[in-house]
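Rule-based calculations on the coordinates, nothing more; no lab input. Keep in mind it's a predicted model, so treat the numbers as computed, not measured. All Cβ positions, even for glycine, are placed from backbone atoms using ideal geometry, and neighbour counts span all protein chains on display.
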């Protein structure tokens, strides 16, 4: 057999199969596995090695080099890591990120609730509905965390930011439960202004801090 060269799937090189490859395996002396080759002086493979195919050729191009064992092991390890990583959806209005527990789905409060209130708007209920597919992919606990800015609140309904953030977390938990998420998976946590993301001295910072985070624990 001749040498082999790695190419991304979907873009195979236009190489003619040598006659020697088409012959019976009995006619091939000392058969060996093809040697993976990559372009010289290029950055590491852009995709896991499993996403490449090997093309057999007796005349590999001059501007390639043998892929080292370390590079192969690294590519396979990266592939395994990617397969174990939680799926991150692309959801409008939702900031999605990986966290230590699994996946965080962060939504700013103005997309869910009226100001200083914990009643979900129609648009807010619809947005929460878009989270269901991601939540139901996993079996772990789902923690709904309510967050506020540091400005004091004292209304007939909510005596403090603790009360408001807790009520908002409960409203979303109830919405998820009504949509079919198992109640024993759900947790509601009010954190008030204890975990700010930005400076509460600016309007933009306070707006960023007023949020709900749905944290899916990936087991």
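Summary table below
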quantity	calculated
Members of the stretch 111-126 found to be surrounded by fewer than 19 Cβ atoms within 10 Å (Cβ to Cβ) and under 27 Å from the mean Cα position of the chain (by Cα), listed by number	111, 123, 125, 126
Residue 165 over 16 Å from residue 105 (Cα atoms) and buried (at least 16 other Cβ atoms within 10 Å of the Cβ)	yes
Any helices (runs of 4 or more DSSP H) falling wholly within the stretch 107-219 and containing at least 2 residues that are without any contact (Cβ under 8 Å) to a residue 12 or more places away in the chain	122-129, 161-178, 203-209
